[in-house]
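**Q** One structure, pasted below without further comment.
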Amino acid sequence: MGLYDRDYTQDSYQPHSPSGGARMMVTNLVILNAAIYILNVFVGEDRLVQWLAVTPQDLWKPWLWWKLLTYGFVHNPLDIGHIFWNMFGLFIFGRDVEWRLGRAEFLRFYLTAVVLGSVVWCVRLNLMDVANASVIGASGGVAAVILMFVYCFPKRTILLFFVLPVPAWVLGVLMIAGDALGFIGHSRSEQNIAFDVHLVGILFASGYYWLGWNLARWTPGRLRDAGGWPTVRRGPRLRVHDPDQKMQRQDEEADRILEKVSREGIDSLTNRERRILEDYSRRMRQRRG
């Protein structure tokens with residue numbers, strides 16, 4: 001895995017927050033993981049790891065289901081490479097994915113991948129009757145983010161191992177092959193790597209992209225909001241039709257598509273994006289007329 005060369009770094013384009021100025025969710029996740037890692041180093045004796053890690057038995061204890069998520073925010077305090085490479089991959093590839101999905105949807109996507117990975121891992125170890133085990137690390141969520149980047153930008157040039165320039169789809173192939181082979185040979189090796197957690201992230205990203213999933217449709221209440229966090233609802237629920245707000249959303253979507261055209265060309269647009277751009281152009285002509 002290595003740094004990738006962005007086409008838009010040559011024409012002064014820089015990624016920006018999809019929420020219009022707020023700090024990117026990717027940055028928040030990296031800061032949170034780093035803070036927990038530093039705290040665990042000071043606490044010592046792996047106390048925080050033991051508290052946040054998930055074990056196979058936790059699957060049958062609903063009061064501990066929060067560990068199905070928290071394990072993804074704690075890393076081995078004795079191995080700085082564990083958190084460094086996870087956060088490196090999340091930050092490098094996650095910014096473009098967040099720009100494509102939006103801030104709140106990116107958070108839903110990442111957290112869902114983390115939880116699914118731990119659930120499948122717990123099921124597998126329970127079927128194997130393995131009790132003395134635990135899993136930690138953000139690898140499942142990061143794997144999902146990296147593969148989503150590959151799906152969204154398959155021809156983007158990256159530097160594999162920081163040296164070899166290749167299209168992003170090559171990284172995707174290597175990821176899938178490496179984790180699949182690692183999982184198959186896991187029982188015959190001493191590697192302490194949860195390859196199945198990685199594969200769950202890869203499968204989730206594949207389903208999300210190819211099946212056109214949108215987690216906001218399945219998210220209750222105010223979790224659908226742009227901030228990605230629940231808020232207090234005051235007053236009665238009233239449905240107000242605001243044409244100006246609708247036009248603003250359409251204009252923002254058109255701006256996103258125009259930025260995509262400037263980066264990847266008109267041929268990169270989907271049929272839906274072409275229709276949105278045509279409607280936007282028509283409205284602009286009407287306003288001028």
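**Q** Would region 170-182 turn up any residue that is assigned to a helix (DSSP H, G or I), farther than 23 Å from Gly81 by Cβ and under 18 Å from the mean Cα position of the chain (by Cα)?
**A** No, every residue in region 170-182 fails to be assigned to a helix (DSSP H, G or I), farther than 23 Å from Gly81 by Cβ and under 18 Å from the mean Cα position of the chain (by Cα).
**Q** Turning to a different aspect of this structure: Take region 118-138 and flag every residue that is assigned to a helix (DSSP H, G or I) and closer than 13 Å to Phe73 by Cβ.
**A** Ser118
**Q** Output the number of the condition that Pro220 fails; it satisfies all remaining conditions of (1) in the same structural domain as Leu147 (by TED's automatic domain parsing); (2) surrounded by 10 or more Cβ atoms within 10 Å (Cβ to Cβ); (3) modelled with pLDDT under 75.
**A** If we test Pro220 against (1) in the same structural domain as Leu147 (by TED's automatic domain parsing); (2) surrounded by 10 or more Cβ atoms within 10 Å (Cβ to Cβ); (3) modelled with pLDDT under 75, just (2) comes out false.
**Q** Which one of these is among the aliphatic types (A, V, I, L, M) and under 18 Å from the mean Cα position of the chain (by Cα): Val130, Val119, Val135, Val123?
**A** Residue meeting the stated conditions: Val119.
Conditions tested, residue by residue: (1) at pLDDT 70 or above; (2) within 23 Å of Asp96 (Cβ to Cβ).
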{"residue": "Tyr209", "(1), (2)": "yes, yes"}
{"residue": "Ala216", "(1), (2)": "yes, yes"}
{"residue": "Val232", "(1), (2)": "no, no"}
{"residue": "Arg237", "(1), (2)": "no, no"}
{"residue": "Asp251", "(1), (2)": "yes, yes"}
{"residue": "Glu259", "(1), (2)": "yes, yes"}
{"residue": "Gly265", "(1), (2)": "no, yes"}
{"residue": "Arg272", "(1), (2)": "yes, yes"}
{"residue": "Ile276", "(1), (2)": "yes, yes"}
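**Q** Would you check which residues across region 139-164 are in contact with a strand residue (DSSP E or B) (Cβ under 7 Å, 6 or more places away or on another chain), modelled with pLDDT of 90 or more and either buried (at least 19 other Cβ atoms within 10 Å of the Cβ) or farther than 29 Å from Thr270 by Cα (or both) and list them?
**A** Arg156
The values are calculated or read from the model by the stated rules, or taken from the named source; none is laboratory data. Quick caveat: nothing in here was measured; it's all calculated off a predicted structure. Positions of Cβ are backbone-derived with ideal geometry, glycine not excepted, and every protein chain shown enters the neighbour counts.
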